[in-house]
Every structure is written in structure tokens, then in C-alpha cells.
Amino acid sequence: MGATNNQVNAERESLLTFLAQQRAFLLTTLRGLDQEEATRRTTRSELCLAGIVKHVTQMEEGWVRFIEEGPQEVDYESQETLDHHENSFRLIGEETLEGTLAAYEQQAK
């Protein structure tokens, strides 16, 4: 038996609520931090809080693109792909915490 529209709508709303909660939890880690604090590495790894938000934003964009357009061909061996992946975890060039948070908010919409 197939799902009714009410079941589908309820499941969709439940998922969207869950995603909103997880997004809020992630943003809690940045509350009150400035650019320097949000980009500071706090462990031996290259990760920083702002970079994690940037990475999550890019991954959500990728999943939406996958849903709307289907799979994309990616050369996982290319230096360009590796560089793109590494740079998804840190702010580079003129990227700012403010811009990263705005992109994250926009992606959530």
C-alpha cells in the first residue's frame, strides 16, 4: 500500500524540523565568535568551526543538485577535485565568517 499525501507531508515536515534543529545546533558552536576565533584550529587537524559550516553548506548544495539534476561525473583522482575538497573545510582568500554564515542560511532555505 502506498503512502498517503498526509503521510508524505508529515514525514517531510518531520525531516525539515530535524534538519532545522541540527542546523541550529551547529550554529550554536559559533555564537559570539569573531572571524579569528571561528577560523582558529583548536586541534592538530586542519579543521576549524567556520570551515565545518562551509563544508556542510557545500555538501547540502551538492545533495540538492544531485536530487534535482542527478549524479555528476567527478574525477576523484584529479588535483582540482582534491583541492576543492580540502578548501571546503577552511575559509580562503576573501571569504569571511559573515559570508559563510549567510551562505549557510541561504542554503537552508
Sorting 15, 97 by accessible area (1.4 Å probe), largest first, what list results? 15, 97
For helix 97-108, what angle does its Cα long axis make with the longest principal axis of the chain, in degrees from 0 to 90 and rounded to 10? 10 degrees
For a quick check of your reading of the filter: which trypsin sites (Lys or Arg not before Pro) in the stretch 36-73 sit in a DSSP loop and have no more than 13 other Cβ atoms within 10 Å? 40, 41, 44
Would you indicate which of (i) 1.05; (ii) 1.01; (iii) 0.93 is the value of Rg/Rh (Cα atoms, Kirkwood Rh) derived from the coordinates of this structure? (i)
Does anyone have the angle between helix 49-69 and the longest principal axis of the chain? Alpha-carbon axes, 0 to 90°, nearest 10? 40 degrees
So, by mean Cβ neighbours within 10 angstrom, what's the order for 55-62, 17-24, 72-79 with the highest one leading? 55-62, 17-24, 72-79
Return the calculated 222 nm mean residue ellipticity for the chain, to the nearest 500 deg cm²/dmol, obtained by summing -39500 (n - 2.57) across DSSP H runs with n ≥ 4 and dividing by the residue count. -20500 deg cm²/dmol
What accessible surface, in Å², does a 1.4 Å probe find on residue 30, ignoring ligands, DNA and RNA and rounding to the nearest 10? 10 Å²
Whole-number accessible area per residue in Å² for the stretch 1-62, which is evaluated in the context of all protein chains at 1.4 Å: 75 Å²
Whole-number percent relative contact order across the chain, with pairs defined as alpha carbons under 8 Å at least 6 apart: 31 percent
When all protein chains stay in place, what accessible area (Å², nearest 10, 1.4 Å probe) is found for residue 14? 70 Å²
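The values are calculated or read from the model by the stated rules, or taken from the named source; none is laboratory data. Predicted model only: the values in this text are computed from it and were never measured. Neighbour counts are summed over all protein chains in view; Cβ atoms, including those assigned to glycine, are modelled from backbone coordinates with ideal geometry. Accessible surface areas use protein heavy atoms only, side chains included; no ligands, DNA or RNA. Shrake-Rupley method; radii C 1.70, N 1.55, O 1.52, S 1.80 Å.
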